[in-house]
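Have a look at the structure below before the remarks.
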Amino acid sequence: MASASLWIYRLLLGGLLPVALPAIKLRQWLAGKSRPRFRDRLGRSLPELPDGGIWIQAVSVGEVEVARGLVAELERRAPDLPLFLTATTATGLDLARRTLGDRLTIFPCPIDLPGPVSRVFEAARPRLLVLVETELWPEMLHQAGLREVPVAVVNARLSPSSFAGYRRVAGCLRTLLAPLALVLARTESDARRFAGLNVPKERIVVSGNVKYDLEADPRVLDWEEEVRRVAGDRPVLIAGSTMEGEEAQVLDALAGLGVDGTMPFLIVAPRHPERFDTVAQLLADRGVVFSRRSSGDGILPESDAFLIDTIGELGRAYRLATVAFVGGSLVQTGGHNPLEPAVWGVPVLSGPHVFNFGEVYDEMTDAGGARLVADSAELRVALAAWLDEPEFAVAAGMAGREVVERNRGATERTVSALVELVQRV
């Protein structure tokens, strides 16, 4: 039976959705942002789903990257166990379909209301629901509990701020979190916070951070040799996963760098597709000669910058970098994954707002593989130090790579726990 808090949640979400949907669509149109079609999220036209397998839910690109490693290990360990994956954002779905679509069924995550969620459960009758990181949807958890489907949270993280918010409604959460059969936490701190939400300690295991198991993708990019040729002897800075306001600060930091006054070659990859045109306009307004990945016209020989306005190529692009700036950190987004450049032995610069990857940055900065800067002025000083003394940059990159290597193994531990849980069901 649904709790009073769940009924309130249903009434609020169901009542507000018809009102909010037009506003959401208008905002989406104005921002040029793509979202999964609403009718696809109602669960009324589901693809054919495997019966009695594992349902993996990932929110967006970062969670899909985690899921990819888990899928590969699950296929190795339990090849007969059916899998399907849902994702919430359009970019997450796109990445999942391009990288996993030939191996498993992928479709949009259902809206967290009884009808859409129950349709997926009824169509697939999963033996296990796997939530990547902190994806605690009340209706999804409730429907899993009704059907006695165990729920596992993998690479589970709970920031201090999120924990404080959940604690304020801890009484309501007790029933909703009851279906959690296994919480595979990234760190001891995450484990303690989940225990603080009344998840039984015997259901919580510290398995490590799956993102450390990232492997360098050896596939050559179509435009890789062109970039090398046009960049020539110039050092290459990759500004990856940048957010609004950060590209301007990177350009400010680059101005005048280099012993001959020439700006290092810049590769910039904004985090969100709806900002591609905005960043292109910023580069043009600043007088930067640049080429766009999506143009299909190649890279102009006189280019000083290259705009990656596609999804899914940044991880491989980092191999071209002398230094990487990882975005979402000069603004209060919380930072993005510094392990993507570190796996290539590339030193990392980031802003101060890196709470999404706090433990990773702590270890990388302690090892010398990453530096945090407060603003564009400090970014310029840090860049100059590594570009003027390239041997220090190489040593820093190797230190970051060593951090990755000594933390590997979480994927294997996570999948072992999931397979054991499925066998117990």
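Computed on alpha carbon atoms, what radius of gyration and Dmax characterise segment 295-348, expressed in Å?
Reported Rg and Dmax, both Å: 12.9, 36.
Using only DSSP helix segments of four residues or longer, with each worth -39500 (n - 2.57), what per-residue ellipticity at 222 nm results for the chain after dividing by its residue count and rounding to 500?
Details: 17 runs with 190 residues, N = 425.
After summing the helix terms and dividing by the residues of the chain, the value is -13500 deg cm²/dmol.
How long are the semi-axes of the equivalent ellipsoid of segment 54-101, taking √(5λ) for every eigenvalue λ of the Cα gyration tensor, in whole Å from largest down? Walk me through the intermediate numbers first.
Values: eigenvalues 70, 18, 15 Å².
Equivalent ellipsoid of segment 54-101: 19, 10, 9 Å, largest first.
Below 8 Å between Cα atoms, with a sequence gap of 6+, how large is the relative contact order for the chain in percent? Intermediate results must be reported in sequence, preceding the final value.
On the way: 766 pairs, mean separation 55.4, N = 425.
Relative contact order, the chain: 13 percent.
Just from the alpha-carbon atoms, what are the Rg and Dmax of segment 210-257 in angstroms?
14.5, 39
Which FRET efficiency value, to the nearest 0.05, do you get for Glu202 and Arg167 by plugging their Cβ-Cβ distance into 1/(1 + (r/R0)^6) with R0 = 22 Å? Can you show the working numbers first?
Numbers: r = 21 Å, r/R0 = 0.95.
After rounding to 0.05, the efficiency reads 0.55.
Could you compute how fast segment 324-384 diffuses translationally, taking Rh as the Kirkwood radius over C-alpha pairs and applying Stokes-Einstein at 37 °C with viscosity 0.692 mPa s? Give it in µm² per second.
Details: Rh = 11.2 Å.
Rounded, D is 294 µm²/s.
Evaluate the Debye formula for segment 142-206 with equal point scatterers sitting on the alpha carbons, no solvent, and hand back log10 of I(q)/I(0) at q = 0.15 Å⁻¹, in q order, two decimals.
For the requested q values the scattering log ratios are -0.42.
Using just the C-alpha positions of segment 176-291 as equal point scatterers, what log10 of I(q)/I(0) does the Debye formula give at each q in 0.12, 0.17 1/Å?
Ignoring solvent entirely, the Cα scatterers give -0.69, -0.89.
What number in nm² do you get for the chain if you take the convex hull of its Cα atoms and divide its surface by four?
Values: hull surface 82.1 nm².
Convex hull of Cα atoms, orientation-averaged projection: 20.5 nm².
Amide H of Cys109: which non-local residues (sequence gap of 5 or more, or other chain) have their own amide H closer than 5 Å, using H built in the peptide plane?
Sorted by chain and number, the residues that satisfy this are Ala87, Thr88.
Using θ = phi - 60° and the Karplus curve 6.51 cos²θ - 1.76 cosθ + 1.60, what whole-Hz ³J(HN,Hα) does each residue of segment 347-355 get, with Gly and Pro shown as x?
Those phi angles translate into x, 10, 10, 8, x, x, 9, 10, 5 Hz.
What ranking do 310-323, 224-237 get when scored by the average of other Cβ atoms within 10 Å per residue, highest first? If you can, show how the numbers build up before the last one.
On the way: 310-323: 19.9, 224-237: 15.5.
The densest-packed peptide leads the list: 310-323, 224-237.
Express the carbon and sulfur contribution to the solvent-accessible surface of segment 270-366 as a percent, rounded to the nearest whole number, probe 1.4 angstrom. Display every interim value, and only then the final one.
On the way: 1590 of 3510 Å².
Looking at segment 270-366 in its full context, I get 45 percent from C and S.
Taking only protein heavy atoms and a 1.4 Å probe, what accessible area per residue, in Å², does the chain have with all protein chains in place?
Numbers: 18860 Å² over 425 residues.
Ligands and nucleic acids excluded, the result is 44 Å² per residue.
Work out the length of the dipole vector of the chain about its Cα centre, built from +1 on the beta-carbon of each Lys and Arg and -1 on the beta-carbon of each Asp and Glu, and round it to the nearest 20 debye. Working shown, then result.
Details: 47 positive and 54 negative charges, 418 e Å.
Dipole about the Cα centre, nearest 20: 2000 debye.
Which is farthest toward the positive dipole end of the chain among Val220, Leu421, Phe357, measuring Cα position about the Cα centre, with Cβ charges +1 (Lys, Arg) and -1 (Asp, Glu)?
Sorting the options by dipole projection puts first Leu421.
In whole angstrom, how far apart do the alpha carbon centroids of segment 360-379 and segment 278-353 sit?
Using only Cα atoms to place each centre, the spacing works out to 18 Å.
For segment 61-193, report the % of Cα-Cα distances exceeding 18 Å. Don't skip to the answer; put the middle values down first.
Values: 5092 of 8778 pairs.
Counting pairs separated by more than 18 Å, the tail of P(r) holds 58 percent.
Determine the relative contact order of segment 93-198: mean sequence separation of Cα pairs under 8 Å and six or more apart, normalised by residue count, in whole percent.
Working: 120 pairs, mean separation 24.9, N = 106.
For segment 93-198, the relative contact order is 24 percent.
Which residue, chosen from Ser159, Pro138, Pro126, occupies the Cα position most advanced towards the positive end of the dipole of segment 116-159, where the dipole is computed from +1 (Lys, Arg) and -1 (Asp, Glu) charges on Cβ about the Cα centre?
Pro126
Is there a quick way to get the dipole size of segment 285-335? I mean about its Cα centre, with the Cβ of Lys and Arg at +1 and of Asp and Glu at -1; what is the value in debye to the nearest 20? Don't skip to the end; give the middle numbers.
Numbers: 5 positive and 6 negative charges, 44 e Å.
In debye, rounded to 20, segment 285-335 gives about 220.
Taking amide H positions as placed in the peptide plane 1.01 Å from N, state which residues far from Val236 in sequence (5 or more) or on other chains have amide H under 5 Å from it.
Thr322, Val323
The values are calculated or read from the model by the stated rules, or taken from the named source; none is laboratory data. Predicted, not measured: the structure shown is a model, and the values here were computed from it. We place every Cβ from the backbone using ideal geometry, glycine too, and count neighbours over all the protein chains shown. Note: areas computed on protein heavy atoms with side chains; ligands, DNA, RNA excluded. Shrake-Rupley method; radii C 1.70, N 1.55, O 1.52, S 1.80 Å.
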